[in-house]
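Student: Starting off with a structure, shown below.
No value in this document is a laboratory result; all are computed from the given coordinates. Here the structure is a predicted model, which is why all the values come from computation and not from measurement. For neighbour counting, all protein chains shown are included, and Cβ atoms are generated from backbone atoms with ideal geometry for every residue, glycine included.
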Amino acid sequence: MKENPMILNTIQYFYNRDEHLPLLKIIGWERRTNPQAYDWDCRNRGNEHCLFQYTVSGEGEIELEGTRHRLKAGQAFLIEVPGPYRYWLPKDSSHWEFKFLDLTLDALPLWKSIVKKSGHIIELGSDNPILKQWDNTYRMAELAEIDDLYDNSLYAYRFLMELRRWTDSKPSATKMPDPVQRCLDYIDSHASELIGLEEMAEVAGISKYYLHRLFRDNVGETPINYLTRKRVEIAAQLLVETNFPVKEVAQRSGFAYGNYFARVFRKWMQTSPDQFRKKSTDTRTWRIHID
């Protein structure tokens, strides 16, 4: 029997790579029944993207860095392409029905932070907010309502934020060392204040050199980098939710000098504070988490 993939909707978006905005590339819903026609080796694919794929019914398989995993209804995988992965419809499966979504590699820093905590394979109930956001995005794409760059980025961010919200609500697989947890709590509560490594080390109860190494080994970034990221998140929210001048936004988000704030903000967000405010006001994409 000839393969009929039953692609319900696959919509591709073309974009300006100079914008550096996470964007949707493809969203689709497929049902595969021919094992010979569905086998993707991600090591040999040049089309770069971040891929979310959720099993609606049937079963599939994926190989993650040499280990095979069976994918059943309710399971999704998150991978980067190209990468050390392969996924396919196994011969003993009657079919594999799945929803998928591709994002540009501009989403990669946030994507990696999500995968680091959730793992490559996740379990999602049918009423999960991640899937509800996917359904809404799919519906808007089907109606051709996602028709410009910033609408596209808005839906990409919304999907990423639901993934991030879900992973952040999950308990950590390993408990942070007490000094690191104290430092994390202190930064989260005082990021908008003029604090530095000395204050963090004092709260953690260890030397700043040991804190730097212990924090990096457990969190994946240095305390200063984590603090800067939190400050940029605060600034991004203030830029959209208030009319404060940029200088005041800098002060309220923990930056002593406006010029330094502008340089740091551009480094993290790939745009100036003024440009970010304008674009985000136009598109309502303000909950931007960066890693």
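Student: Report, ordered by chain and residue number, the lysines lying within cross-link reach of Lys72, taken as a straight Cα distance under 23 Å and ignoring same-chain residues fewer than 8 apart.
Tutor: Within the straight-line cut-off, Lys72 pairs with Lys91, Lys99, Lys116, Lys117, Lys132, Lys170.
Student: Straight distance only, please: which aspartates and glutamates reach the Cα of Lys247 with their own Cα at less than 18 Å, same-chain residues fewer than 8 apart left out?
Tutor: Once the sequence-local aspartates and glutamates are set aside, what remains near Lys247 is Glu193, Glu233, Asp274.
Student: Using the C-alpha atoms of the chain, what convex hull volume per residue, in cubic angstrom, is computed? Let's see the in-between values first.
Tutor: Numbers: hull volume 41.5 nm³, N = 291.
Roughly 143 Å³ of hull volume per residue.
Student: Would you kindly derive the ³J(HN,Hα) couplings of the range 126-134 from the backbone phi angles with the Karplus curve 6.51 cos²θ - 1.76 cosθ + 1.60 (θ = phi - 60°), listing them in order in whole Hz, with x for Gly and Pro?
Tutor: 5, 9, 5, x, 4, 6, 5, 5, 4
Student: Given just the C-alpha atoms of the range 130-220, how large is their convex hull per residue in cubic angstrom? List each step's numbers first, then the result.
Tutor: Details: hull volume 11.9 nm³, N = 91.
Hull volume over Cα atoms, normalised by residue count, gives 131 Å³.
Student: Let me ask something additional. How large is ³J(HN,Hα) for each residue in the range 244-249, as worked out from phi by the Karplus curve 6.51 cos²θ - 1.76 cosθ + 1.60 (θ = phi - 60°), to whole Hz, x for Gly and Pro?
Tutor: Residue by residue, the range 244-249 yields 4, x, 4, 4, 6, 4 Hz.
Student: Evaluate the distance, in nm, between pseudo-label points positioned 7 Å from the Cα of Asp185 and of Ser57 along their respective Cα→Cβ axes.
Tutor: Using points 7 Å along Cα→Cβ, the separation is 4.9 nm.
Student: Calculate, for Glu145 and Phe244, the FRET efficiency according to 1/(1 + (r/R0)^6) with r their C-beta to C-beta distance and R0 35 Å; round to the nearest 0.05. Can you show the working numbers first?
Tutor: Numbers: r = 32 Å, r/R0 = 0.93.
Computed FRET efficiency for Glu145 and Phe244: 0.60.
Student: Follow-up question, since we're still on this one. If each residue of separation counts as 0.36 nm, what is the full-extension length gain between Asp41 and Lys116 once their alpha-carbon separation is subtracted?
Tutor: Working: separation 75, 0.36 × 75 = 27.00 nm, distance 2.20 nm.
That pair, Asp41 and Lys116, stretches by 24.8 nm at full extension.
Student: Taking a ≥ b ≥ c as the square roots of the Cα gyration tensor eigenvalues, with a/c under 1.5 meaning rounded and otherwise prolate when a/b beats b/c, else oblate, which class fits the range 56-133?
Tutor: It is oblate, given that a/c is not under 1.5 and a/b is not larger than b/c.
Student: Please list, in chain and number order, the residues 5+ apart from Ile26 or on another chain whose amide H is under 5 Å from its amide H, with Hs placed from the backbone.
Tutor: Distant-sequence amide H within range of Ile26: Asp102.
Student: Amide H to amide H under 5 Å from Tyr38: which residues, 5+ apart in sequence or cross-chain, H placed 1.01 Å off N in plane?
Tutor: Counting only residues 5 or more places away or on other chains, the set is Leu89.
Student: Points 7 angstrom from Cα along the Cβ direction at Ser126 and Gln270: gap in nanometres?
Tutor: 3.8
Student: Can you give the angle from 0 to 90° between the axis of helix 178-190 and the longest principal axis of the chain, with both taken from C-alpha atoms, to the nearest 10?
Tutor: 80
Student: Rounded, prolate or oblate for the range 92-250? Axes are the square roots of the Cα gyration tensor eigenvalues, ordered a ≥ b ≥ c, and the cut-off for rounded is a/c under 1.5. Working shown, then result.
Tutor: On the way: a/c = 3.02, a/b = 1.50, b/c = 2.01.
Cα axes put the range 92-250 in the oblate bin.
Student: Hey, what angle do you get for helix 258-269 against the long axis of the chain, alpha-carbon based, 0 to 90 degrees rounded to 10?
Tutor: The two axes meet at around 10 degrees.
Student: Using alpha-carbon pairs under 8 Å, 6+ residues apart, how would you state the relative contact order of the range 165-248 in percent?
Tutor: Answer for the range 165-248 is 26 percent.
Student: Roughly how big is the chain's charge dipole about its Cα centre, with Cβ charges of +1 (Lys, Arg) and -1 (Asp, Glu), in debye to the nearest 20?
Tutor: Roughly 360 debye for the chain.
Student: Then there is this: Which of the peptides 56-69, 253-266 is most tightly packed, and how do the rest follow, going by the mean number of other Cβ atoms within 10 Å of each residue?
Tutor: Values: 56-69: 14.7, 253-266: 16.7.
Ranked from most to least packed, the peptides come out as 253-266, 56-69.
Student: Something else: Give the relative contact order (percent, whole number) for the chain; include only Cα pairs under 8 Å separated by 6+ residues. Working shown, then result.
Tutor: Working: 465 pairs, mean separation 45.1, N = 291.
Contact order relative to length: 16 percent.
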